[in-house]
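Data block below; observations after.
The values are calculated or read from the model by the stated rules, or taken from the named source; none is laboratory data. Bear in mind that the values here come from a model prediction, so they are computed numbers and not experimental data. FYI the Cβ positions are ideal-geometry reconstructions off the backbone, even for glycines, and counts take in every protein chain you see. Only protein heavy atoms, including side chains, enter the accessible area calculation; ligands, DNA and RNA are left aside. Shrake-Rupley method; radii C 1.70, N 1.55, O 1.52, S 1.80 Å.
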Amino acid sequence: VVATRGEDNFRPYHLVVFGASGFTGQFVVEEVARTVSEGPKGNLKWAVAGRSRQKLEKVLEQAAGALSKPELRTEVDIIVADVGEPDSLAAMCKQAVIVLNCVGPYRFYGEPVVKACVENGAHHIDLCGEPQFLEGMQLNYDSQAAEKGVYIVGSCGFDSIPADMGVLYTRDQFKGTLTAVESFLTVSTGPDGGCIHDGTWQSAVYGFADSQKLQSLRRKFNHKPLPVVGSKLKRRGALFYSNEIQQYTVPFMGSDPSVVKRTQRFVVEEHQATPVQYGAYAGVGGIGNIIKMMFAGIMFWFLVKFSFGRNLLIKYPEFFSFGLFSKAGPTRKQMEGSSFQFAFYGEGYTEEQDPSQGKPNGKIRTLVQGPECGYVATPIAMVQAALTILNESTALPKKGGVYTPGAVFAKTTLIDRLNKHGIQFSVL
């Protein structure tokens, strides 16, 4: 059985996992292997790709052992491809319906893969949490992707599927017109603690260093401000006690606000819907954590401005993040003990009230919860996003382009699929 897109171009693989031997890539490989029966007609043809055949063989070997699926050693093809060699990327993209791109930091390695996908007619899904890359790809490749009928969907991991789909879910569950939502993220770790692999730390270091460039990139879109319906959502302070989650809370530093805003712009422009204002916050726990965070924050802000400082931050992630980030990444045991919870607090106008009159009179609370964010929830989100594209082409936007998850998946069953895989959406 073969994977095809359109009658004219035969493609041997539904999915190719690129960067399969990287820290996150290895877990994406395991998740694809677990879900092969969910492919089109109950079948999924897939391959792994990366620079080193030897490392890719090792990853398949490891997955075969972890999942007790010895057939992975022989049934999954290996493609050697390198970001620095455009021909190898083109050859990879010609063979795939969708490329799952796990090679970060995307600001350094992402664009050649997006370009190869657009030029060779493969859809592209990534795990990027770097707004500068995500928005830059939209600026530079959206019209080409539309011409080719290719979906380039960024931020399909923990950044930013739970937040982006969570806002849409909250909107769809609210009886009336939702006008504003705030999300509060809390992460729990088990007795073994937890940490994040230093690839994410590198993305943060370079992202903060470059924040001016993001502003100038945004001006190039010439966007008109989105209309505000209902009360204007107030931004909260840099550190406050949240009654919602009963702990000290800070603004969430990730890509969620940027991604959600792009989705809301899409629903205004394409679906003529009311945009939802959004604020994102994360709980930091008790006073001890706050003191650590302030120290880390002060050192980070100071060092990230200078190249010698950035080199120090990159070289010693554990020291400068108080152990939150590490070069080794979390152990499987740490992953098993970790989980996340997003609480969404929304307000809007109930069905009987006119949104142009008076203050919002309705409230809603929803929850998105799931397993460890970085390496359990992220592969689940990415693989389910890919399976949704493969299985539900009629529910996707009519034309290709560079999209957020919410823009592509708003009319699909992605949320149901995630619910079945342990990332649960519910109304409280």
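Checking Ala204, Ala163, Ala145, Ala180 one by one, the residue that is at pLDDT below 95, hydrophobic (A, V, I, L, M, F, W, C) and at negative phi is Ala204 and no other. Applying the condition of being in a strand (DSSP E or B) and polar (S, T, N, Q) to region 309-358 and asking which residue is nearest to Ile196 (Cα to Cα) yields Ser326.
In region 212-242, the residue that is surrounded by the most Cβ atoms within 10 Å (Cβ to Cβ) out of those that are without any contact (Cβ under 8 Å) to a residue 12 or more places away in the chain and within 25 Å of Cys373 (Cα to Cα) is Phe240. Where helices (runs of 4 or more DSSP H) sit wholly within region 40-103, those with at least 2 residues that are out of contact with any Gly (no Cβ under 7 Å at 6 or more places or on another chain) and touching a residue at least 24 places away in the same chain (Cβ under 8 Å) occupy 53-66, 86-94. Of all residues in region 107-140, exactly one satisfies the criterion of being under 13 Å from the mean Cα position of the chain (by Cα) and of a type in the set (Phe, Trp, Tyr), namely Phe133. Please indicate, with yes or no, whether at least one residue in region 379-391 is on the phi < 0 side of the Ramachandran plot, surrounded by fewer than 24 Cβ atoms within 10 Å (Cβ to Cβ) and without any contact (Cβ under 8 Å) to a residue 12 or more places away in the chain. No; the residues of region 379-391 include none that is on the phi < 0 side of the Ramachandran plot, surrounded by fewer than 24 Cβ atoms within 10 Å (Cβ to Cβ) and without any contact (Cβ under 8 Å) to a residue 12 or more places away in the chain.
Regarding region 136-151, can at least one residue be identified that is crowded, with 23+ Cβ neighbours inside 10 Å and in contact with a His (Cβ under 8 Å, 6 or more places away or on another chain)? Yes, that holds for at least one residue.
Would a scan of region 305-323 turn up a residue that is open to solvent by 70 Å² or more (accessible area, probe 1.4 Å), acidic (Asp, Glu) and out of contact with any Pro (no Cβ under 9 Å at 6 or more places or on another chain)? Within region 305-323 (the criterion being open to solvent by 70 Å² or more (accessible area, probe 1.4 Å), acidic (Asp, Glu) and out of contact with any Pro (no Cβ under 9 Å at 6 or more places or on another chain)), the answer is yes, since at least one residue qualifies. Mind telling me which of the residues Gly279, Gly288 ends up being of a type outside the set (D, E, K, R), farther than 24 Å from Gly362 by Cβ and open to solvent by less than 80 Å² (accessible area, probe 1.4 Å)? Result: Gly288 is the single residue among Gly279, Gly288 that is of a type outside the set (D, E, K, R), farther than 24 Å from Gly362 by Cβ and open to solvent by less than 80 Å² (accessible area, probe 1.4 Å).
The test for being more than 25 Å from Gly400 (Cβ to Cβ), out of contact with any helix residue (DSSP H, G or I) (no Cβ under 6 Å at 6 or more places or on another chain), open to solvent by 50 Å² or more (accessible area, probe 1.4 Å) and acidic (Asp, Glu) does not hold for Glu111. When region 392-426 is limited to residues that are hydroxyl-bearing (Ser, Thr, Tyr) and under 16 Å from the mean Cα position of the chain (by Cα), the one that is least open to solvent (accessible area, probe 1.4 Å) turns out to be Thr404. For residues in region 18-35 being aromatic (Phe, Trp, Tyr) and either touching a Gly at 6+ places or on another chain (Cβ under 6 Å) or closer than 16 Å to His124 by Cβ (or both), which is least open to solvent (accessible area, probe 1.4 Å)? Out of the qualifying residues, it is Phe18.
Taking region 193-211 as the range and being touching an Asp or Glu at 6+ places or on another chain (Cβ under 9 Å) and either open to solvent by 80 Å² or more (accessible area, probe 1.4 Å) or part of a strand (DSSP E or B) (or both) as the test, no residue passes. Do we have any residue at all in region 179-188 that's charged (D, E, K, R) and more than 21 Å from Ile245 (Cα to Cα)? No, that holds for no residue. Answer with yes or no whether Val368 is in contact with a strand residue (DSSP E or B) (Cβ under 7 Å, 6 or more places away or on another chain), among the β-branched types (Val, Ile, Thr), open to solvent by 30 Å² or more (accessible area, probe 1.4 Å) and at negative phi. The answer is no for Val368. In the set (1) buried (at least 16 other Cβ atoms within 10 Å of the Cβ); (2) of a type outside the set (Lys, Arg); (3) more than 17 Å from Tyr278 (Cα to Cα), Asn361 fails one condition alone, (1). Checked against the criterion of being without any contact (Cβ under 8 Å) to a residue 60 or more places away in the chain and of a type in the set (Ser, Thr, Tyr), region 245-265 contains one or more residues that satisfy it. Remark: Gly348 falls outside the filter, which requires a residue to be free of Cβ contacts under 8 Å to residues at least 24 places away in the same chain and closer than 30 Å to Thr177 by Cβ.
Just wondering, is there one or more residues in region 400-415 that are among the aliphatic types (A, V, I, L, M) and either free of Cβ contacts under 8 Å to residues at least 24 places away in the same chain or not assigned by the TED database to the domain that holds Glu135 (or both)? Don't jump to the end; show me each part of the working.
So the first thing to find is which residues in region 400-415 are among the aliphatic types (A, V, I, L, M), and the list is 402, 407-408, 410, 414-415.
Pick out the ones that are also either free of Cβ contacts under 8 Å to residues at least 24 places away in the same chain or not assigned by the TED database to the domain that holds Glu135 (or both) and you get none.
No - not one qualifying residue is present in region 400-415.
One residue alone among Thr179, Thr189, Thr170 is open to solvent by 40 Å² or more (accessible area, probe 1.4 Å) and β-branched (Val, Ile, Thr), and that residue is Thr189. Among the residues of region 116-135, those identified as open to solvent by 20 Å² or more (accessible area, probe 1.4 Å), within 19 Å of Val17 (Cβ to Cβ) and either assigned to a loop (DSSP other than H, G, I, E, B) or of a type in the set (D, E, K, R) (or both) are Leu127, Gly129.
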